[in-house]
Amino acid sequence: MTYDFDEVIDRQGTNSVKWDYRKDAFGRDDVLPMWVADMDFESPPEVKRAILKYASKGVYAYFRRPATYYSSIIDWVSDRHGWNIDRDWIVSTRGVINAINLAVLSYTSPRDKILIQTPVYSPFYSAVKNNNRELILNSLIEKDGYYTMDFEDLEYKLKDGVKMIILCNPHNPVGRVWNLEELKRLEGLCKEYDVVLISDEIHSDIIYDGHRHIPIASLSSDIARRTVTCISASKTFNIAGLDESVIIISNSKLRERFIQTMEGAGIGGGNIFGTMATEAAYSYGVNWLEDLLIYFQGNLKYLNKRIKESRAPVRFHMPEGTYLVWLDFRDMGICGDDLTKFLIDEARLGLNDGRGFGEEGDGYMRMNIACPRSTLRDGVNRLLTAISRI
Ligand SMILES: Cc1ncc(COP(=O)(O)O)c(C=O)c1O
């Protein structure tokens, strides 16, 4: 490996949500934070260099995204995911959640039905509720820790007038990378029931051996026509603090409506550093990412081995993508606030409470393994020691 992901970087004192706001989230600041979905690694050196180069000029005035920014995105999406996109299809926003909210405002009206597949990342719920739309839940089916879509329930709900689906692919928190068959079935239903599809593909570069990310909009011109695809270099290259994401909308009518909503909210311009970092990451970050994926798979193997060897009553299915692990504690016989309290006060671990992803998440916790192996070892030791004391 060329890159050293074993190096421990002290993120305390950097206004990091994950490290510096533990007390707000967990009531104490001695928990090992393995929650917020960012990484404890430096970004690729080329990203850092691009930022430092621009920063050294000392002038941070109005700017425009250069042609090279767009070509870096087009090449990345084509090389990594086999999808050929045009420059004109790209709209940049201040984050994917920003884009999802803009899409909700652009294509639906108050009280329209919007469907999400739960358990899922909580801002999906708020994007619907905060904009006064009706939330329709389509629970995923779980079997031995492996999740699939409930197409029967999905179709039943679509028949009842759903206007929009917000898809999470790869799925946070359950770690599925939806396969061709699943995406094709979803495509067919979107067409049959004339639904706009928002496809959040922010985790699409974190895909493990044996799996392939398929941008749903690449399947056919019909699904492309009704899809808004959201990607970002933020998860892949750890630049979430730079507030830059890439929204791909091939249908000019949908795109114009989206841009109108942005303009109506006075959203324009952009962030110089987010732009520079995105371009550098997509242009030069591929080798770093390949090493990172090997490292993550090592982390996952380590976690699996330790849990299996300990025979602790904790289960998880290996994620197919994302650096998030959906830990199932239901065999421990505690759930709800008792489980949360146990993990914080006994294990001193800061994980995301599964209930934050929906009611299906009771008895689960989401663990972020995007950290050096030594941090992960510390986390696993804390967890297993606390369990052994019960
Ligand atoms: C599925 C998903 N979408 C969006 C985001 C956040 O995106 P952004 O920071 O660009 O708003 C996350 C962050 O964890 C996520 O997991």
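Please treat every number below as a calculation from the coordinates, not as lab data. Model, not experiment: these values are computed from the prediction. Heads up, the Cβs are rebuilt from the backbone with ideal geometry, glycines too, and the neighbour counts pull from every protein chain shown.
Listed values, structure above:
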read-out: Point-charge dipole on Cβ atoms (K/R +1, D/E -1) for the chain, about Cα centre, debye to 20; value: 440
read-out: Three-way shape label, the stretch 77-159, alpha-carbon gyration tensor, a/c 1.5; value: oblate
read-out: Proximal charge balance of THR93 [Cβ under 13 Å; K/R count +1, D/E count -1]; value: -1
read-out: Cα gyration tensor category, rounded, prolate or oblate, for the stretch 1-113 with a/c compared to 1.5; value: oblate
read-out: Helical contribution to [θ] at 222 nm, DSSP H n ≥ 4, -39,500 (n - 2.57), averaged over the chain, rounded to 500; value: -12000 deg cm²/dmol
read-out: Segment SER16-GLU290, length gained on full extension (0.36 nm per residue, minus Cα span); value: 96.1 nm
read-out: q = 0.17, 0.19 Å⁻¹, the stretch 99-215: log10 I(q)/I(0) [Debye, one scatterer per Cα]; value: -0.82, -1.03
read-out: GNM result for the chain, Cα springs below 10 Å: residue of ILE206, ILE114, ILE141 fluctuating most strongly; value: ILE141
read-out: The chain: C-alpha gyration tensor shape, a/c 1.5 cut-off, then a/b vs b/c; value: oblate
read-out: Alpha-carbon Debye profile of the stretch 237-390, log10 I(q)/I(0) at 0.08, 0.09, 0.10, 0.20 Å⁻¹; value: -0.36, -0.45, -0.54, -1.19
read-out: Whole-angstrom gap from the stretch 197-232 to the stretch 278-322, using each part's C-alpha centre; value: 21
read-out: Size of charge dipole - the stretch 12-150 - debye, nearest 20, with Cβ of Lys, Arg +1 and Asp, Glu -1, no other charges; value: 580
read-out: Inter-site label distance for ASP4 and LYS159 at 7 Å from Cα along Cβ, in nm; value: 6.1
read-out: Reachable lysines from LYS159, criterion Cα separation under 19 angstrom, eight or more residues apart if same chain; value: LYS113, LYS184, LYS191
read-out: Per-residue ³J(HN,Hα) for the stretch 336-343, Karplus 6.51 cos²θ - 1.76 cosθ + 1.60, θ = phi - 60°, Hz, x for Gly and Pro; value: x, 5, 5, 5, 4, 5, 4, 5
read-out: Charge context of THR340, other residues only, Cβ under 12 angstrom, K/R +1, D/E -1; value: -4
read-out: In nm, spacing of pseudo-spin labels at ASP150 and ILE334 (7 Å Cα→C-beta vector); value: 2.9
